[in-house]
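Read the structure below first, then the notes.
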Amino acid sequence: MAELVGAFAASHGPLLVREWETLPQDQKARLQAAFGELGRRISVAKPDVIVEVAPDHWSNFFLDNIPTVCIGVGETNDGPPEPWMKAFPHRELAGDTDFAMHFASTALQNGFEPSLSHRLKLDHGFCIPLWRMGLETLPRIVPMIVNSIEPPLPLISRCFEWGRLLKKAIHSFEKDIRVAILATGGLSHSIGEPTMGAIDEPLDRECIRLFASPADELLSYLEKELPTAGNGTAEIRNWLVAHGAAGGRGFELIDYLPVPKVLVGCGFAAWQV
Ligand SMILES: [Fe+2]
(Lines give C-alpha, C1' and ligand atoms only; values in the text may rest on other atoms or scores of the structure.)
Protein backbone atom coordinates (compact mmCIF):
# COMPACT_ATOMS: atom_id res chain seq x y z
CA MET A 1 0.00 0.00 0.00
CA ALA A 2 1.08 3.57 -0.55
CA GLU A 3 2.38 5.58 2.33
CA LEU A 4 2.20 9.29 3.22
CA VAL A 5 5.76 10.28 4.09
CA GLY A 6 5.40 13.97 4.79
CA ALA A 7 3.64 17.25 4.12
CA PHE A 8 5.54 20.39 3.28
CA ALA A 9 4.67 23.99 2.50
CA ALA A 10 6.43 26.96 0.94
CA SER A 11 5.72 30.36 -0.53
CA HIS A 12 6.11 30.84 -4.27
CA GLY A 13 5.97 34.58 -5.10
CA PRO A 14 7.23 35.28 -8.65
CA LEU A 15 9.69 37.87 -7.36
CA LEU A 16 11.53 35.05 -5.57
CA VAL A 17 12.91 34.49 -9.05
CA ARG A 18 12.58 37.85 -10.75
CA GLU A 19 14.14 39.89 -7.93
CA TRP A 20 16.35 37.14 -6.50
CA GLU A 21 19.64 38.84 -7.33
CA THR A 22 18.56 42.16 -5.87
CA LEU A 23 17.30 40.85 -2.51
CA PRO A 24 19.06 42.03 0.65
CA GLN A 25 21.79 39.49 1.34
CA ASP A 26 20.50 38.45 4.75
CA GLN A 27 16.98 37.80 3.44
CA LYS A 28 18.28 35.94 0.42
CA ALA A 29 20.40 33.74 2.69
CA ARG A 30 17.43 32.93 4.93
CA LEU A 31 15.17 32.16 1.98
CA GLN A 32 17.81 29.95 0.42
CA ALA A 33 18.33 28.16 3.73
CA ALA A 34 14.59 27.61 4.19
CA PHE A 35 14.10 26.25 0.68
CA GLY A 36 17.22 24.14 1.12
CA GLU A 37 15.98 22.70 4.40
CA LEU A 38 12.67 21.77 2.77
CA GLY A 39 14.59 20.12 -0.05
CA ARG A 40 16.75 18.24 2.43
CA ARG A 41 13.72 16.97 4.35
CA ILE A 42 11.93 15.93 1.18
CA SER A 43 15.04 14.08 0.04
CA VAL A 44 15.20 12.27 3.38
CA ALA A 45 11.53 11.30 3.04
CA LYS A 46 12.34 9.70 -0.36
CA PRO A 47 8.95 10.24 -2.02
CA ASP A 48 8.23 8.49 -5.30
CA VAL A 49 5.42 10.97 -5.88
CA ILE A 50 4.79 14.52 -4.70
CA VAL A 51 1.19 15.70 -4.77
CA GLU A 52 1.78 19.40 -5.27
CA VAL A 53 -1.06 21.70 -4.27
CA ALA A 54 -0.94 25.15 -5.85
CA PRO A 55 -3.16 27.68 -7.59
CA ASP A 56 -3.25 28.31 -11.32
CA HIS A 57 -2.13 31.86 -12.18
CA TRP A 58 -4.06 32.02 -15.46
CA SER A 59 -1.63 29.60 -17.09
CA ASN A 60 -4.20 26.85 -17.71
CA PHE A 61 -7.56 28.41 -16.98
CA PHE A 62 -9.21 31.76 -17.58
CA LEU A 63 -12.57 33.40 -17.01
CA ASP A 64 -14.30 31.05 -19.43
CA ASN A 65 -13.41 28.01 -17.33
CA ILE A 66 -12.31 28.14 -13.69
CA PRO A 67 -12.30 24.80 -11.91
CA THR A 68 -12.35 25.04 -8.14
CA VAL A 69 -10.16 21.95 -7.91
CA CYS A 70 -8.35 20.27 -10.79
CA ILE A 71 -6.25 17.12 -10.51
CA GLY A 72 -3.54 16.56 -13.11
CA VAL A 73 -3.83 12.94 -14.24
CA GLY A 74 -1.43 13.07 -17.19
CA GLU A 75 1.68 10.95 -17.65
CA THR A 76 3.54 14.22 -18.07
CA ASN A 77 2.91 17.91 -17.60
CA ASP A 78 4.60 20.95 -19.07
CA GLY A 79 7.11 23.10 -17.28
CA PRO A 80 6.42 26.74 -16.48
CA PRO A 81 5.18 28.91 -19.35
CA GLU A 82 6.40 32.20 -17.88
CA PRO A 83 9.30 33.64 -19.94
CA TRP A 84 11.16 34.54 -16.74
CA MET A 85 11.03 30.89 -15.65
CA LYS A 86 12.84 29.65 -18.76
CA ALA A 87 15.98 28.76 -16.77
CA PHE A 88 13.96 26.22 -14.76
CA PRO A 89 15.70 22.98 -15.71
CA HIS A 90 12.62 20.91 -16.60
CA ARG A 91 10.50 21.54 -19.69
CA GLU A 92 8.41 18.49 -18.92
CA LEU A 93 7.66 16.92 -15.53
CA ALA A 94 6.58 13.32 -15.06
CA GLY A 95 3.17 12.73 -13.49
CA ASP A 96 1.65 9.55 -12.08
CA THR A 97 -1.54 8.68 -13.89
CA ASP A 98 -2.34 5.60 -11.81
CA PHE A 99 -2.17 7.42 -8.51
CA ALA A 100 -3.84 10.58 -9.84
CA MET A 101 -6.75 8.57 -11.25
CA HIS A 102 -7.09 6.73 -7.96
CA PHE A 103 -7.12 10.07 -6.14
CA ALA A 104 -9.81 11.37 -8.50
CA SER A 105 -11.89 8.19 -8.15
CA THR A 106 -11.60 8.28 -4.38
CA ALA A 107 -12.76 11.88 -4.46
CA LEU A 108 -15.85 11.06 -6.53
CA GLN A 109 -16.71 8.10 -4.32
CA ASN A 110 -16.61 10.40 -1.32
CA GLY A 111 -18.71 13.29 -2.58
CA PHE A 112 -15.93 15.51 -3.96
CA GLU A 113 -16.09 16.46 -7.65
CA PRO A 114 -12.73 17.59 -9.03
CA SER A 115 -12.04 18.65 -12.57
CA LEU A 116 -9.37 16.58 -14.34
CA SER A 117 -6.67 17.50 -16.82
CA HIS A 118 -4.40 15.18 -18.79
CA ARG A 119 -1.95 17.97 -19.53
CA LEU A 120 -1.26 20.98 -17.36
CA LYS A 121 1.27 23.75 -17.48
CA LEU A 122 2.98 23.85 -14.13
CA ASP A 123 3.56 27.55 -13.59
CA HIS A 124 5.74 29.37 -11.08
CA GLY A 125 3.44 28.33 -8.23
CA PHE A 126 4.54 24.74 -8.79
CA CYS A 127 8.05 25.25 -10.07
CA ILE A 128 9.64 27.99 -7.94
CA PRO A 129 9.62 25.83 -4.78
CA LEU A 130 10.83 22.77 -6.72
CA TRP A 131 13.61 24.87 -8.26
CA ARG A 132 14.72 26.67 -5.12
CA MET A 133 14.69 23.45 -3.09
CA GLY A 134 17.39 22.08 -5.37
CA LEU A 135 16.17 18.47 -5.52
CA GLU A 136 18.68 16.44 -7.49
CA THR A 137 16.03 14.33 -9.13
CA LEU A 138 12.38 15.23 -9.22
CA PRO A 139 9.86 12.70 -7.97
CA ARG A 140 6.79 12.26 -10.14
CA ILE A 141 4.57 15.32 -9.63
CA VAL A 142 0.79 14.95 -9.34
CA PRO A 143 -0.60 18.49 -9.57
CA MET A 144 -3.65 19.52 -7.58
CA ILE A 145 -4.82 22.99 -8.53
CA VAL A 146 -6.99 24.74 -5.97
CA ASN A 147 -8.58 27.99 -7.06
CA SER A 148 -7.22 30.55 -4.65
CA ILE A 149 -7.09 33.34 -7.22
CA GLU A 150 -10.52 34.25 -8.58
CA PRO A 151 -13.63 34.38 -6.35
CA PRO A 152 -15.75 32.61 -5.44
CA LEU A 153 -13.17 30.49 -3.63
CA PRO A 154 -13.60 27.17 -1.84
CA LEU A 155 -14.27 27.17 1.88
CA ILE A 156 -11.24 26.88 4.12
CA SER A 157 -12.90 23.93 5.83
CA ARG A 158 -13.43 22.25 2.46
CA CYS A 159 -9.73 22.58 1.66
CA PHE A 160 -8.95 20.89 4.97
CA GLU A 161 -11.42 18.12 4.07
CA TRP A 162 -9.71 17.73 0.69
CA GLY A 163 -6.55 17.04 2.66
CA ARG A 164 -8.24 14.31 4.67
CA LEU A 165 -9.54 12.85 1.44
CA LEU A 166 -6.06 12.94 -0.09
CA LYS A 167 -4.70 11.02 2.88
CA LYS A 168 -7.47 8.43 2.42
CA ALA A 169 -6.59 8.13 -1.27
CA ILE A 170 -2.91 7.61 -0.45
CA HIS A 171 -3.62 4.95 2.15
CA SER A 172 -6.01 3.06 -0.14
CA PHE A 173 -3.72 3.05 -3.20
CA GLU A 174 -2.62 -0.49 -3.92
CA LYS A 175 0.89 0.24 -5.17
CA ASP A 176 3.73 0.34 -2.72
CA ILE A 177 4.82 3.95 -3.25
CA ARG A 178 5.90 6.79 -0.99
CA VAL A 179 3.86 9.98 -1.37
CA ALA A 180 4.66 13.45 -0.07
CA ILE A 181 2.49 16.56 -0.26
CA LEU A 182 3.90 19.97 -1.10
CA ALA A 183 1.58 22.95 -0.70
CA THR A 184 2.64 26.28 -2.16
CA GLY A 185 1.45 29.86 -1.89
CA GLY A 186 0.83 32.51 0.74
CA LEU A 187 1.38 33.63 3.28
CA SER A 188 -0.01 37.18 3.26
CA HIS A 189 0.34 39.28 0.12
CA SER A 190 -1.65 41.70 -1.93
CA ILE A 191 -1.35 41.93 -5.71
CA GLY A 192 -2.97 44.33 -8.18
CA GLU A 193 -5.32 45.93 -5.66
CA PRO A 194 -5.15 49.18 -3.65
CA THR A 195 -3.19 47.49 -0.83
CA MET A 196 -0.61 46.14 -3.33
CA GLY A 197 2.55 45.07 -1.53
CA ALA A 198 1.04 44.95 1.96
CA ILE A 199 2.28 42.10 4.15
CA ASP A 200 0.19 41.30 7.21
CA GLU A 201 2.79 39.89 9.57
CA PRO A 202 0.41 39.58 12.57
CA LEU A 203 -1.98 37.50 10.45
CA ASP A 204 0.85 35.32 9.21
CA ARG A 205 2.20 34.75 12.71
CA GLU A 206 -1.23 33.97 14.12
CA CYS A 207 -1.84 31.55 11.28
CA ILE A 208 1.49 29.82 11.98
CA ARG A 209 0.65 29.65 15.69
CA LEU A 210 -2.75 28.14 14.96
CA PHE A 211 -1.26 25.40 12.78
CA ALA A 212 -0.19 23.89 16.10
CA SER A 213 -3.67 24.27 17.66
CA PRO A 214 -6.83 22.22 17.13
CA ALA A 215 -7.83 22.56 13.49
CA ASP A 216 -11.20 24.16 14.27
CA GLU A 217 -9.47 27.24 15.68
CA LEU A 218 -7.34 27.69 12.57
CA LEU A 219 -10.28 27.11 10.23
CA SER A 220 -12.54 29.62 11.94
CA TYR A 221 -9.73 32.19 12.22
CA LEU A 222 -9.03 31.98 8.50
CA GLU A 223 -12.70 31.98 7.48
CA LYS A 224 -13.03 35.22 9.42
CA GLU A 225 -9.78 36.92 8.38
CA LEU A 226 -9.09 35.88 4.79
CA PRO A 227 -11.98 37.78 3.16
CA THR A 228 -10.45 41.11 4.26
CA ALA A 229 -6.79 40.13 3.93
CA GLY A 230 -4.67 40.84 0.86
CA ASN A 231 -5.94 38.85 -2.10
CA GLY A 232 -2.87 36.60 -2.40
CA THR A 233 -3.32 35.50 1.20
CA ALA A 234 -6.12 33.27 -0.08
CA GLU A 235 -3.41 30.87 -1.23
CA ILE A 236 -3.12 29.66 2.36
CA ARG A 237 -5.93 27.35 1.22
CA ASN A 238 -3.26 25.14 -0.32
CA TRP A 239 -1.53 24.81 3.03
CA LEU A 240 -4.87 23.71 4.49
CA VAL A 241 -4.97 20.76 2.10
CA ALA A 242 -1.56 19.61 3.31
CA HIS A 243 -2.52 20.29 6.92
CA GLY A 244 -5.68 18.19 6.52
CA ALA A 245 -3.69 15.33 5.00
CA ALA A 246 -1.34 15.48 7.96
CA GLY A 247 -4.33 15.05 10.26
CA GLY A 248 -4.22 18.66 11.44
CA ARG A 249 -1.29 17.79 13.64
CA GLY A 250 0.62 20.97 13.03
CA PHE A 251 3.41 22.04 10.76
CA GLU A 252 6.82 22.62 12.19
CA LEU A 253 7.84 26.11 11.14
CA ILE A 254 11.14 26.11 9.27
CA ASP A 255 11.22 29.88 8.82
CA TYR A 256 9.00 32.87 8.32
CA LEU A 257 10.11 36.25 7.08
CA PRO A 258 8.23 39.13 5.52
CA VAL A 259 10.13 40.12 2.37
CA PRO A 260 8.89 43.50 1.08
CA LYS A 261 10.97 43.21 -2.07
CA VAL A 262 9.03 40.12 -3.13
CA LEU A 263 5.77 41.49 -1.65
CA VAL A 264 5.14 38.31 0.34
CA GLY A 265 5.20 37.09 3.92
CA CYS A 266 7.32 34.05 3.13
CA GLY A 267 6.62 30.91 5.13
CA PHE A 268 8.19 27.45 5.10
CA ALA A 269 6.93 24.51 7.10
CA ALA A 270 7.08 20.74 7.30
CA TRP A 271 5.27 17.83 8.87
CA GLN A 272 6.94 14.46 8.80
CA VAL A 273 5.75 11.05 9.83
FE1 LIG B 1 0.56 32.71 -6.28
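Restricting attention to region 178-189, does a residue exist that is of a type in the set (A, V, I, L, M), surrounded by fewer than 24 Cβ atoms within 10 Å (Cβ to Cβ) and over 18 Å from Leu16 (Cβ atoms)? Outline the logic, then answer.
Of all residues in region 178-189, those of a type in the set (A, V, I, L, M) come to 179-183, 187.
Imposing the further condition that a residue be surrounded by fewer than 24 Cβ atoms within 10 Å (Cβ to Cβ) reduces the set to none.
Checking region 178-189: not a single residue is of a type in the set (A, V, I, L, M), surrounded by fewer than 24 Cβ atoms within 10 Å (Cβ to Cβ) and over 18 Å from Leu16 (Cβ atoms).
Scanning region 150-193 for residues that are assigned to a loop (DSSP other than H, G, I, E, B) and of a type in the set (Asp, Glu), we see that the one that is nearest to the ligand (Cβ to nearest atom) is Glu150. All of (1) more than 16 Å from the ligand (Cβ to nearest atom); (2) among the aliphatic types (A, V, I, L, M); (3) buried (at least 24 other Cβ atoms within 10 Å of the Cβ) hold for Ile145 with one exception: (1). Residue-level check: of (1) out of contact with any His (no Cβ under 7 Å at 6 or more places or on another chain); (2) more than 24 Å from Glu3 (Cβ to Cβ); (3) crowded, with 22+ Cβ neighbours inside 10 Å, Leu93 misses just (2). The number of residues in region 17-60 that are away from the ligand (no atom under 16 Å from the Cβ), open to solvent by 60 Å² or more (accessible area, probe 1.4 Å) and in a loop (DSSP other than H, G, I, E, B) comes to 1. Apart from one condition, Leu203 fits all of (1) among the hydrophobic types (A, V, I, L, M, F, W, C); (2) in contact with a Phe, Trp or Tyr (Cβ under 7 Å, 6 or more places away or on another chain); (3) away from the ligand (no atom under 16 Å from the Cβ); the exception is (2). In region 2-16, is there at least one residue being within 16 Å of the ligand (Cβ to nearest atom), part of a loop (DSSP other than H, G, I, E, B) and surrounded by fewer than 20 Cβ atoms within 10 Å (Cβ to Cβ)? Scanning region 2-16, I find at least one residue that is within 16 Å of the ligand (Cβ to nearest atom), part of a loop (DSSP other than H, G, I, E, B) and surrounded by fewer than 20 Cβ atoms within 10 Å (Cβ to Cβ), so the answer is yes.
The residue that is nearest to Ile170 (Cα to Cα), among those in region 70-87 that are within 16 Å of the ligand (Cβ to nearest atom) and open to solvent by less than 60 Å² (accessible area, probe 1.4 Å), is Cys70. Within region 109-129, being within 16 Å of the ligand (Cβ to nearest atom), in a helix (DSSP H, G or I) and either over 17 Å from Val241 (Cβ atoms) or over 19 Å from the mean Cα position of the chain (by Cα) (or both) holds for His124, Cys127, Ile128.
Within the set Gly265, Gly244, the sole residue that is away from the ligand (no atom under 16 Å from the Cβ) and at pLDDT 95 or above turns out to be Gly244. Return yes when Thr106 is away from the ligand (no atom under 16 Å from the Cβ) and open to solvent by less than 20 Å² (accessible area, probe 1.4 Å) and no when it is not. Considered against the rule, which asks whether it is away from the ligand (no atom under 16 Å from the Cβ) and open to solvent by less than 20 Å² (accessible area, probe 1.4 Å), Thr106 comes out as yes.
For (1) out of contact with any Ser or Thr (no Cβ under 6 Å at 6 or more places or on another chain); (2) open to solvent by less than 80 Å² (accessible area, probe 1.4 Å); (3) modelled with pLDDT under 95, each residue gets a yes or a no:
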site	(1), (2), (3)
Glu193	yes, yes, no
Phe211	yes, yes, yes
Leu219	no, yes, no
Gly230	no, yes, no
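Screening Leu15 on (1) within 30 Å of Lys167 (Cα to Cα); (2) touching a Leu at 6+ places or on another chain (Cβ under 8 Å) shows it passes everything except condition (1).
Say whether the condition of being farther than 18 Å from Val53 by Cα, modelled with pLDDT of 95 or more and more than 13 Å from the chain's Cα centre (by Cα) is met by at least one residue in region 156-167.
Keep residues of region 156-167 that are farther than 18 Å from Val53 by Cα, which gives none.
So far as region 156-167 goes, no, none of its residues is farther than 18 Å from Val53 by Cα, modelled with pLDDT of 95 or more and more than 13 Å from the chain's Cα centre (by Cα).
The values are calculated or read from the model by the stated rules, or taken from the named source; none is laboratory data. Owing to the predicted nature of the structure, the values given are computational and were not obtained by experimental measurement. Don't worry about glycine lacking a Cβ; one is built from the backbone with ideal geometry, like all the others, and counts go over all protein chains shown. Note: areas computed on protein heavy atoms with side chains; ligands, DNA, RNA excluded. Shrake-Rupley method; radii C 1.70, N 1.55, O 1.52, S 1.80 Å.
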